[in-house]
Amino acid sequence: MTNNQYDCIVIGGGPAGSTTATIVAAAGWSTLLVERESMPRFHVGESLMPETYWILKRLGVLDRMQRSDFMVKRSVQFVSHKGRESEPFFFRQHDPRECSSTWQVERADFDQMLFENAREKGADCYDATRVVDAIWDGDRAQGVRLLTSDGEQREIAARVVVDATGQSTLLASRLGVRQENPALRKAAIWNYFQGALRADGENEGGTVILHTDDKRAWFWYIPLSCDVVSVGVVADRDYLLQGGKEPADEFAGQLSRCPALQRRLAHAQGVDKYRVAKEFSYTTQRHAGDGWVLVGDAFGFIDPIYSSGVFFALKSGELAADAIAAALEANDPSAARLGAWTDEFLAGTRWIRKLVDAFYNNSFSVGRFIKEHPQHLGNLTDLLIGRIFHDRAGEIFGDMDPWLEAVGEQGEGRSPKTEGKGKVPG
């Protein structure tokens with residue numbers, strides 16, 4: 001590392017950081033991208049939303065994705081607590097274009113590809129490099145203090161510092177702007193299995209979401225390449241991690257409550273250790289300031305249920321990068337300019353947040369709601385695809401909100417008879 005000053009420093013080499021660095025560097029601004037771990041490194045969050053297509057195309061990696069060994073994802077399917085399996089939601093039935101297919105990715109390989117692409121587009125990229133803190137002049141970020149892979153301590157100046165440190169939330173934690181979502185205090189336990197049952201044909205790579213019989217937990221089931229499936233269980237933190245059980249034992253206990261998953265794993269073997277994540281649902285009260293901006297999981301994380309994490313990382317990185325380039329061009333890296341994209345981003349992501357809230361309402365059933373309101377199948381598929389940044393994205397909630405209220409009042413076993421003509425909440 002020879003330069004002591006950059007236009008933009010991006011901390012964190014995941015999808016959000018690499019996207020930001022790629023676009024800013026391609027716009028002609030000197031850019032440093034640093035990642036504290038050695039690349040490639042493990043990360044969970046393998047399932048992509050189809051709308052990642054457009055950002056991957058802009059980054060110039062779409063052809064690599066299409067040539068890769070990543071499992072193609074064309075659908076998502078839900079299994080109720082009673083074992084009833086929905087028909088797969090095939091994205092192409094809603095939109096037959098190429099963009100309706102996506103991928104289930106091994107994140108080590110995917111993130112490495114994006115990191116290297118940032119280097120190819122002109123960013124200086126270093127892994128095994130830890131940022132200790134930002135350099136501040138009052139409330140304005142002016143660079144970073146870092147520790148290189150060979151142990152050298154450096155101070156690097158920058159006009160813009162980007163926090164893409166994921167759930168470490170380096171700047172957000174320092175500034176005290178990270179805020180947990182008290183309604184989503186969840187935990188997850190997961191592992192990887194070989195020899196698990198897969199669907200046939202076009203549904204082979206589809207994500208499956210399965211409830212336990214008491215609806216207190218749910219499993220993700222994500223087919224990857226090389227006959228490996230990512231399987232994880234998510235539930236309230238205090239429920240899932242109670243009693244100090246070993247993660248493998250708690251996983252097995254929840255598996256015993258999900259016959260549909262037992263069938264899929266009947267002849268499978270675990271190929272990795274059980275991992276645990278908790279307190280992963282949070283937001284930030286401020287998203288940008290003078291000389292700094294948050295992207296990806298450092299900005300916030302909702303929940304893994306609809307596989308929105310990587311899409312939100314890529315999208316926030318893209319929007320932030322355009323704002324950074326405009327701010328640098330205007331010689332005005334102020335909070336107003338660096339955060340100019342955040343209202344648009346929040347307006348779209350709120351619909352996924354509302355769909356997550358509906359999922360955790362024990363009265364909700366995807367199949368029952370669509371049977372009552374078939375006109376919303378297209379809108380629901382849009383949400384599952386990630387097509388949320390348009391004016392009509394939240395139309396479904398004009399009927400879903402009163403439907404949830406009615407089904408809750410009438411009991412889980414009955415179907416509400418409500419027209420639900422209320423407006424979409426503001």
Taking the range 36-94 and the residues there that are on the phi < 0 side of the Ramachandran plot and among the small types (Gly, Ala, Ser), the one that is surrounded by the fewest Cβ atoms within 10 Å (Cβ to Cβ) would be SER38
Scanning the range 208-238 residue by residue, the ones that are within 15 Å of VAL276 (Cβ to Cβ) and either assigned to a helix (DSSP H, G or I) or among the charged types (D, E, K, R) (or both) total 3
When every residue in the range 61-77 that is part of a loop (DSSP other than H, G, I, E, B) and of a type in the set (A, V, I, L, M, F, W, C) is compared, the one nearest to ALA108 (Cα to Cα) is PHE70
When PHE219 is run through (1) in contact with a His (Cβ under 9 Å, 6 or more places away or on another chain); (2) surrounded by fewer than 22 Cβ atoms within 10 Å (Cβ to Cβ); (3) closer than 22 Å to PHE364 by Cα, the failure sits at (2)
The number of residues in the range 238-266 that are surrounded by fewer than 17 Cβ atoms within 10 Å (Cβ to Cβ) and basic (Lys, Arg) is 2
The number of residues in the range 255-297 that are touching a Gly at 6+ places or on another chain (Cβ under 7 Å) and either under 30 Å from ASP163 (Cβ atoms) or assigned by TED's automatic domain parsing to the domain that holds SER307 (or both) is 9
Here the residues within the range 267-302 that are at positive phi and surrounded by fewer than 23 Cβ atoms within 10 Å (Cβ to Cβ) are GLU279
How many residues of the range 368-389 are outside any helix (DSSP H, G or I) and buried (at least 17 other Cβ atoms within 10 Å of the Cβ)? The answer is 4
Restricted to the range 346-367 and to residues being in a helix (DSSP H, G or I), of a type in the set (Gly, Ala, Ser) and under 20 Å from TRP218 (Cβ atoms), the residue modelled with the lowest pLDDT is GLY367
Flagged in the range 395-411 as modelled with pLDDT of 95 or more and part of a loop (DSSP other than H, G, I, E, B), in numbering order, are GLU395, ILE396
Scanning the range 317-367 residue by residue, those more than 19 Å from TYR282 (Cβ to Cβ), of a type in the set (D, E, K, R) and surrounded by 17 or more Cβ atoms within 10 Å (Cβ to Cβ) turn out to be GLU318, ARG337
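The values are calculated or read from the model by the stated rules, or taken from the named source; none is laboratory data. Just so you know, these numbers come straight off a predicted model, no measurement behind them. In this analysis, Cβ positions are derived from the backbone assuming ideal geometry, glycine residues included, and neighbour counts consider all displayed protein chains.
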